[in-house]
Amino acid sequence: MDVDEALRQPGQLVAAWDEGSDDSWLGIYVAGDSGVVLLAFERNAGAARRADLAARNVPVGATSGGEFVWAPVGEQLVCWNLGSRLGVAGKHDIAAGGQRVADVVRVTSFVQAGDLGHRGVRVERAGGGQLVIAEERDPTPAMDPTYDRTNLLIDGLWAVLLGRALAEWLGVPHDDQI
């Protein structure tokens, strides 16, 4: 299926530019509570494709590698992975994991000390407390003795980009710990 065919499919369609790609990679996904499914992609998509998406009212967001996708849908920024809808941010609050937080003061892209495979994005609340919005547990660092900081920067780029987008959306600082 090509991008034009994908844009004719039923359901909530979301377009995502791969911000980790240098060839203007654009994916078209169908999104819902059970996550996102890539329908089609296009390399070297340009201004004409952007105009086409705008004319079709397709939300346009971002990804880095395709496993996590985030896009503004109406007045919310929604984040999905391949298995579920992870979080929904309004302009002043965020809901994820069955919790709603209205007093976000910071967004952090993190990697767990001692476990380079556990990385993600969390929000920090006024007065303390945190809520993880998206995370992954990649076994590769534990299995690969050559896994280093460069690998982490590549594999964790999605968390940096999502964290930055979420912080901008909420109007709070972003702390990049990756």
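The values are calculated or read from the model by the stated rules, or taken from the named source; none is laboratory data. This structure is a prediction, so every number in the text was calculated from the model and none was measured. Backbone-built Cβ (ideal geometry, glycine too); neighbour counts: all protein chains shown.
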request  = Output yes when any residue across the range 140-151 is touching a residue at least 40 places away in the same chain (Cβ under 8 Å), under 17 Å from residue 64 (Cβ atoms) and surrounded by 15 or more Cβ atoms within 10 Å (Cβ to Cβ), and no when none is.
outcome  = no
query = Which of the following residues is touching a strand residue (DSSP E or B) at 6+ places or on another chain (Cβ under 7 Å), of a type outside the set (S, T, N, Q), assigned by TED's automatic domain parsing to the domain that holds residue 23 and at positive phi: 61, 74, 66?
reply = 66
key: Matching residues, the range 1-27, being within 15 Å of residue 78 (Cα to Cα) and either in contact with a helix residue (DSSP H, G or I) (Cβ under 6 Å, 6 or more places away or on another chain) or of a type in the set (Val, Ile, Thr) (or both)   = 14, 15
query = Is it fair to say residue 73 is surrounded by 15 or more Cβ atoms within 10 Å (Cβ to Cβ) and touching a residue at least 12 places away in the same chain (Cβ under 8 Å)?
reply = no
request  = Evaluate the range 149-165: report whether one residue or more is under 22 Å from residue 35 (Cα atoms), assigned to a loop (DSSP other than H, G, I, E, B) and either in the same structural domain as residue 12 (by TED's automatic domain parsing) or under 13 Å from the mean Cα position of the chain (by Cα) (or both).
outcome  = yes
query = Failed condition for residue 113, given (1) crowded, with 17+ Cβ neighbours inside 10 Å; (2) under 21 Å from residue 178 (Cβ atoms); (3) of a type outside the set (Phe, Trp, Tyr); (4) not assigned by TED's automatic domain parsing to the domain that holds residue 17, with all others met?
reply = (1)
ask   = Name the residues in the range 141-164 that are under 15 Å from residue 121 (Cβ atoms) and of a type in the set (Gly, Ala, Ser), would you?
value = 156, 159, 163
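Condition check ((1) in contact with a Gly (Cβ under 8 Å, 6 or more places away or on another chain); (2) small (Gly, Ala, Ser)) across all residues:
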| site | (1), (2) |
| --- | --- |
| 23 | no, no |
| 51 | no, yes |
| 66 | yes, yes |
| 79 | yes, no |
| 83 | yes, yes |
| 93 | no, no |
| 115 | no, no |
| 119 | yes, no |
| 129 | no, yes |
request  = Kindly list the number of the only condition in (1) in contact with a His (Cβ under 9 Å, 6 or more places away or on another chain); (2) more than 19 Å from residue 165 (Cβ to Cβ) that fails for residue 99.
outcome  = (1)
